[in-house]
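In what follows, a single structure is set out as structure tokens and then discussed.
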Amino acid sequence: MRILIVDDEPIAQDILETYIARIPGLQLVGKCRNALEAFTAINKQPVDLLLLDINMPEVLGVDFVRSLKHPPLVVFTTAYSEYAIESYELNAIDYLLKPISFERFLKAIQKANDAMQQTAPAAQPADNAVFIKADNKLVRIDLNQLLYAESLRDYIQLYTTEGKKLIHCTMKSLEETLLPYPNFLRVQKSYIVNLACITEVDGNTIRIKEHSVSIGNTYKEQVFAVLNKQRLV
């Protein structure tokens with residue numbers, strides 16, 4: 001999810017940037033101090049979500065959204081509660097009152113992610129496979145067989161139902177390739193797992209068949225938020 005922060009307060013920008021960095025799958029594409037800068041940024045690059053302050057100089061956040069013919073998803077971030085009704089009339093995903101806690105921010109991101117999945121076309125190919133660029137060639141990976149991936153510096157070890165496969169690829173590149181597929185989640189700096197293949201979660205340890213993968217502290221909150229959404233009881 002490509003995110004643009006629009007806020008005239010540097011401290012507020014820094015807090016949101018820190019939160020974004022803690023959640024796998026989010027990409028900060030820019031920080032703007034006012035509506036004019038935001039308008040320029042949106043026309044230069046794709047933006048999926050605006051984290052938009054309301055009370056800004058010259059143009060209010062709500063008026064800025066009204067001015068856009070095709071606005072991206074919007075989460076308002078503000079110290080003022082009186083604009084809440086107006087924000088929902090503009091189909092805002094969420095309305096966050098400052099100071100914003102990480103837990104509350106994470107809920108807003110989950111709402112935005114749900115909205116994107118509802119409107120986006122299906123990203124998975126018919127045979128449920130992807131091609132990953134590695135060593136100047138494309139390597140076909142069957143996602144039904146991929147259990148998890150482990151980063152080994154400049155290489156990635158892919159653990160599949162048919163054995164291991166070592167490819168020359170970065171973790172960032174692999175994560176971007178797997179991002180459209182909801183079954184895959186980064187659980188640690190060095191690991192991406194297939195949620196459909198998890199057999200057990202014991203504390204901070206994920207077990208996939210005979211393999212064990214520990215959940216990193218940075219990713220813990222996001223991982224358990226995703227797992228809790230899938231639990232039955």
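Counted by Cβ distance under 10 Å from Tyr219, the other residues give a net charge of +3, where Lys and Arg count +1 and Asp and Glu count -1.
Here the Karplus curve 6.51 cos²θ - 1.76 cosθ + 1.60, taken at θ = phi - 60°, turns the phi angles of region 38-49 into couplings of 5, 4, 5, 5, 5, 7, 8, 8, x, 10, 8, 9 Hz, with x standing for Gly and Pro. Summing Lys and Arg as +1 and Asp and Glu as -1 over all other residues whose Cβ lies under 15 Å from the Cβ of Phe76 gives a net charge of -4. Each of Leu60, Leu68, Leu50, Leu178 has some number of other Cβ atoms within 10 Å of its Cβ, and from fewest to most they run Leu68, Leu60, Leu178, Leu50.
Does region 129-230 classify as rounded, prolate or oblate by the C-alpha gyration tensor (a ≥ b ≥ c root eigenvalues; a/c under 1.5 gives rounded; else a/b over b/c gives prolate, otherwise oblate)? Prolate shape, in that a/c is at least 1.5 and a/b is the bigger ratio. Please compute the net charge surrounding Ala35, taking Lys and Arg as +1 and Asp and Glu as -1 over other residues with Cβ under 9 Å from its Cβ. With Lys, Arg at +1 and Asp, Glu at -1, the neighbours total -3. With θ taken as phi - 60° and the Karplus curve 6.51 cos²θ - 1.76 cosθ + 1.60 applied, the whole-hertz 3J(HN,Hα) list for region 210-220 is 8, 9, 10, 10, 7, 8, x, 4, 5, 9, 4 Hz, x standing for glycine and proline.
Here's how it looks for Leu28: its modeled amide H is under 5 Å from those of Ile3, which are all 5 or more places away or on a different chain.
Checking the a/c ratio against 1.5 first, then a/b against b/c, what shape does the Cα gyration tensor give for region 1-132? Prolate is the answer for region 1-132, as a/c is 1.5 or above and a/b outweighs b/c.
Bear in mind these aren't lab numbers, they're just calculated from the coordinates by the rules spelled out. Everything numeric here is computed off the predicted structure, so don't read it as measured data. Quick reminder, even Gly has a Cβ in these numbers, built from the backbone with ideal geometry, and neighbours come from all protein chains shown.
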